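Undergrad: Take a look at the following structure, please.
No value in this document is a laboratory result; all are computed from the given coordinates. Keep in mind the model is a prediction, meaning the values are calculated, not measured. Glycine also receives a Cβ, built like all others from the backbone with ideal geometry; neighbour counts cover every protein chain displayed.
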Amino acid sequence: MTALLGALLTVPLGAAHAVEGDEWAGPTLDVSIPTTSPSLQPTQQPTQKPTENVAPAPTETAAPANPGGSKGGAAAPAGTAADPAPTAPQAPTPGQAPKTDADRAMLSTTNPKPGQRATFTGTGYTPGEQVQLVIYSTPVVIASYPAGDDGRVVAEFDVPKDLAPGAHTAEATGWQSAHVTNVRFIIASDAAAFGETDHPASGLWWGLGIAGAVVLLGLLAWWLLRMRRPRAVLSGATA
């Protein structure tokens, strides 16, 4: 369409007055209107810059700690608890009566006096463990003593002063092994008469009793000698 419009505008302005057969002697004016057809420039579609596929950086996972008790250094599976720490042995609780099936122990004396120093010896314990010594009939905890490397315990103790006369038992129990040894002993009924620390006047009475017995024996001997003298004088007179 733009080309046709340009061709029509280039027609001479005096062509309308031309007569067939006559020529237009005057000058002609050529008018040309340049037309420019707009060129449609395609708009540049923005191209999306391709995103680079960046691989995520690997995260470092901490190595699991080796729990105690796992074999070969392998980590414990998830959800399992670690082995509990071992608890220290506790002192045994004395029973109401001594054990009847215990191993036999030894006591330095089988007839101790109340307050007397005695030595208890038992064997068969775990080396180094604590061994608790208890006196029966009524349980009285004396103390705990360490066992030697040979598993023997030697316990020196004072016999309780309030032990009643009669049979009693010294018993030792291991804290860790629960091994038991015991030995029986007897508190004599007249033990209080020999306790100088409890009855200091008892020695005086014993001394007075012995002195009185000596005096009586002396008087008896004097009387016997006097009874024999008159008979000797009488027999000499008859002769």
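Undergrad: Highest first, please rank the peptides 170-181, 124-135, 144-155 by the mean number of other Cβ atoms sitting within 10 Å of their residues.
TA: 170-181, 124-135, 144-155
Undergrad: Residue by residue through the stretch 206-220, which ³J(HN,Hα) values in whole Hz follow from phi under the Karplus form 6.51 cos²θ - 1.76 cosθ + 1.60 (θ = phi - 60°), with glycine and proline marked x?
TA: Karplus values, whole Hz, x for Gly and Pro: 5, x, 5, x, 5, 4, x, 5, 5, 5, 5, 5, x, 5, 5.
Undergrad: Let me ask you something else. Go ahead and run the numbers for FRET between residue 211 and residue 119, Cβ-Cβ distance against an R0 of 41 Å, rounding to 0.05.
TA: Here the calculated transfer efficiency is 0.65.
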